[in-house]
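What follows is one structure encoded as structure tokens, with my remarks underneath.
The values are calculated or read from the model by the stated rules, or taken from the named source; none is laboratory data. For clarity, every value in this text was computed on a predicted model and none was experimentally measured. Glycine also receives a Cβ, built like all others from the backbone with ideal geometry; neighbour counts cover every protein chain displayed.
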Amino acid sequence: MTTIMMVLLGIIFAAVAGLTLAKIKGKSIPTLVIVMLAVMGLCFAGVLAFINKGEDYLAYQALRWQPLQPNKIPQYLSQSKIVFVDITADWCVPCQTNK
């Protein structure tokens, strides 16, 4: 499916290039058509990049909350790990909901 999407993206940008070249040669092609096709191609490329990023959407299940130990934070950062410090209060309902 990714190959099909890449081909479609190539066709869109080839069409933008072709229409731009035709407009430069004197054809009466509205500039808005070229701009809108280019914007559509950029949006499509953004969606394609998001799909191909390969995020692990189940990574949150591997999280293990630990008590705060400030001296361990540099160690985790040196291992290129992401560190979240939970400073929410037990009585704060929105904080607990967001957690």
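In the range 27-70, which residue that is closer than 20 Å to Gly10 by Cβ and of a type in the set (Phe, Trp, Tyr) is modelled with the highest pLDDT?
In this case the residue turns out to be Phe44.
Looking at the range 47-70, is at least one residue farther than 29 Å from Ile82 by Cβ and aliphatic (A, V, I, L, M)?
no
Which of the residues that make up the range 67-99 are within 27 Å of the chain's Cα centre (by Cα) and among the aliphatic types (A, V, I, L, M)?
Within the range 67-99, Leu77, Ile82, Val83, Val85 qualify.
Would you kindly identify the helices (runs of 4 or more DSSP H) lying entirely within the chain that contain at least 3 residues that are surrounded by 10 or more Cβ atoms within 10 Å (Cβ to Cβ) and touching a residue at least 40 places away in the same chain (Cβ under 8 Å)?
31-52
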